[in-house]
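Read-outs: derived from the displayed coordinates by stated rules, not from any lab. This structure is a prediction, so every number in the text was calculated from the model and none was measured. Glycine also receives a Cβ, built like all others from the backbone with ideal geometry; neighbour counts cover every protein chain displayed.
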There are 2 protein chains.
Amino acid sequence: MRYAPTHKEEARTRLVEATGALAKQKGFSATGVDSFMAAAGMTSGAFYAHFRSKNELLEAIVANELQRSAQLFAAPTREQALEVLRGYLSHAHVEHPESGCAVPALAPEIARAGAATQHAFEQGMGALQASFRALVDDDAKAWALVSQLVGAVVVARALPSGPARAAVLEGATRQMELLLGEPSRES
Amino acid sequence: MRYAPTHKEEARTRLVEATGALAKQKGFSATGVDSFMAAAGMTSGAFYAHFRSKNELLEAIVANELQRSAQLFAAPTREQALEVLRGYLSHAHVEHPESGCAVPALAPEIARAGAATQHAFEQGMGALQASFRALVDDDAKAWALVSQLVGAVVVARALPSGPARAAVLEGATRQMELLLGEPSRES
DNA sequence: GTCTATAGTAAGATAGAC
DNA sequence: GTCTATCTTACTATAGAC
């Protein structure tokens, strides 16, 4: 063959990374296969050498994105983990979905996708929640924390930038610190 | 004219109601104008007598849906308000987006829409948050509560039905009751 | 494996009859 | 105001050359 044996999986990896960023930014179903492939430096014809359908790509994106997020949240110390959580509720995260968490950006589209995509999501969320359990008392609080973080970013992004958006992030941050039993920061 | 003077606004109201349900279920950008109009018992040609573009419809849906939600949350007594909140975190709400809250269903698409849509969302959320302020101590907690509710439904819907989904709703419900200073229910 | 080219369908939006 | 019919563009997916 004219390509190295590792070429295909490397290309697929680049594909999933590039299309993941674009999907988080513009939305998955709102983005065409042409645009996805252009973002990865290829043309649409090559797409189906890697995926049987567009839906299969979403499945791969979900698995890849949640794996990346799980690595981020698996911080070695509690203080580092807290910094990651504060960053999650930052204006920077709200303003840059393309480099942020896939959950607030894609969850409703995952909910409308097939069972395979939802199961990929469940598996990814399991790994994520494991990191959260190390920070709070029990399972229920870990899920509450996940919901708090995701909901705040979802609502903040739908609001225009301004005081309301800031208030959502501020309110969620305080509640998060309460949930974690940490004293609220000044600044 | 061949139609009653009130016909247009009545038709527009039916249109916004029917398309709102469909948008919440299938996604706004994933649904075509043809499908939207069919849901309202009309054909696509009539659409542009009511809206200048598809985006303008989303704006109208957002305003209408949040107004309906604000009425729901403006419960007369605290106990009734609590029942509404528990219903928000119910399996029924997760399983029926078409008759549920527009925020978890459409927020990411609102975030990607134009400034006009985001401002319609901001106005609607202002009315909603006013109802929440009556239930908690301060402004920050009201936003935290909103985030908690929205995030739990967003995450629960993306998960397949099963123990993980139930745990998300359960965890968020407990956290909500803590936030409201209410004792946790048995059952 | 990736390209160009294209089939076939569906999208958003408009025109003209009633 | 709503219909049918249509324009134009974009979509998902496939075919065949390299």
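A few points about this structure:
- The single condition from (1) more than 16 Å from DNA strand D (Cβ to nearest atom); (2) under 16 Å from the mean Cα position of the chain (by Cα); (3) not aromatic (Phe, Trp, Tyr) that B:LEU57 fails is (1).
- Qualifying position, being within 13 Å of the chain's Cα centre (by Cα) and part of a helix (DSSP H, G or I), among B:ARG68, B:ARG12: B:ARG68
- Test: residue in segment B:7-14 that is polar (S, T, N, Q) and away from DNA strand D (no atom under 16 Å from the Cβ): no
- Residue in segment A:47-70 that is nearest to the other protein chains (Cβ to nearest Cβ), counting only those that are within 12 Å of DNA strand C (Cβ to nearest atom) and without any contact (Cβ under 8 Å) to a residue 12 or more places away in the chain: A:PHE51
Rundown of residues vs (1) among the hydroxyl-bearing types (Ser, Thr, Tyr); (2) more than 24 Å from A:PHE28 (Cα to Cα); (3) crowded, with 22+ Cβ neighbours inside 10 Å; (4) facing chain B (nearest Cβ under 8 Å), yes/no style:
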position: A:GLY87; (1), (2), (3), (4): no, yes, no, no
position: A:CYS101; (1), (2), (3), (4): no, no, yes, no
position: A:LEU106; (1), (2), (3), (4): no, no, yes, yes
position: A:ALA111; (1), (2), (3), (4): no, no, yes, yes
position: A:GLY114; (1), (2), (3), (4): no, no, no, no
position: A:GLY126; (1), (2), (3), (4): no, no, no, yes
position: A:GLN129; (1), (2), (3), (4): no, yes, no, no
position: A:PHE132; (1), (2), (3), (4): no, yes, no, no
position: A:ASP139; (1), (2), (3), (4): no, yes, no, yes
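- Qualifying residue in segment B:161-177 (condition: facing chain A (nearest Cβ under 8 Å) and outside any helix (DSSP H, G or I)): yes
- Residues in segment B:89-99 that are buried (at least 16 other Cβ atoms within 10 Å of the Cβ), assigned to a helix (DSSP H, G or I) and within 12 Å of another protein chain (Cβ to nearest Cβ) were compared, and the one that is nearest to the chain's Cα centre (by Cα) is B:PRO97.
- As a summary of the residue check, B:ALA120 satisfies the conditions (1) without any contact (Cβ under 8 Å) to a residue 60 or more places away in the chain; (2) surrounded by 15 or more Cβ atoms within 10 Å (Cβ to Cβ) except for the one numbered (1).
- Members of segment A:15-48 found to be within 10 Å of DNA strand D (Cβ to nearest atom) and not in a helix (DSSP H, G or I), listed by number: A:PHE28, A:SER29, A:ALA30, A:THR31, A:GLY32, A:THR43
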